[in-house]
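Step one of this worksheet: look at the structure below.
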Amino acid sequence: ASKRHDVAVKLAVGRDQLLLKQDTYGYKINKEILARTDRRYELKEATLYSAFKRLEQAGCIRTYWGDETTGARRRYYSITEKGRETYASNRRDWEEAKELMENSKLSDEDLEQAAGGWKKPGKLSYNE
């Protein structure tokens, strides 16, 4: 999966581990991402569903159609054991990188240069 999709998945799973705790559907995940980022990170539906498709192909999630008796027919997503393992590995990598950054003696300018001139944007929006 691309880096954009990794970001989408990390936000979807995130602190409260939404997808790790329960099966859910794409619209709800997208709304959770908006809420958890104070509306600063907006994913277009095509980007999110493309990420889900790649994750399913990689064996990290599975999809199924929900019951229509509760309203509109929705496609639900659930995380697989491989997805849980991948999440745990990515989480460890993230925590290690975060710790290195927090404990480094580099200035913000050095860190920006190391990141190729990247600066924190005000609002992130990824499209394919």
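Each reported figure results from applying straightforward, stated rules to the coordinates on display, with no laboratory input. Note that the structure is predicted; figures quoted are calculated from it, not measured. FYI the Cβ positions are ideal-geometry reconstructions off the backbone, even for glycines, and counts take in every protein chain you see.
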In nm, give the distance between the simple-model label positions of Glu68 and Lys105, each being 7 Å from the Cα along the Cα-to-Cβ direction.
6.7 nm
Pairwise FRET efficiency - Glu45 versus Ala97, Cβ, R0 = 35 Å, nearest 0.05
0.75
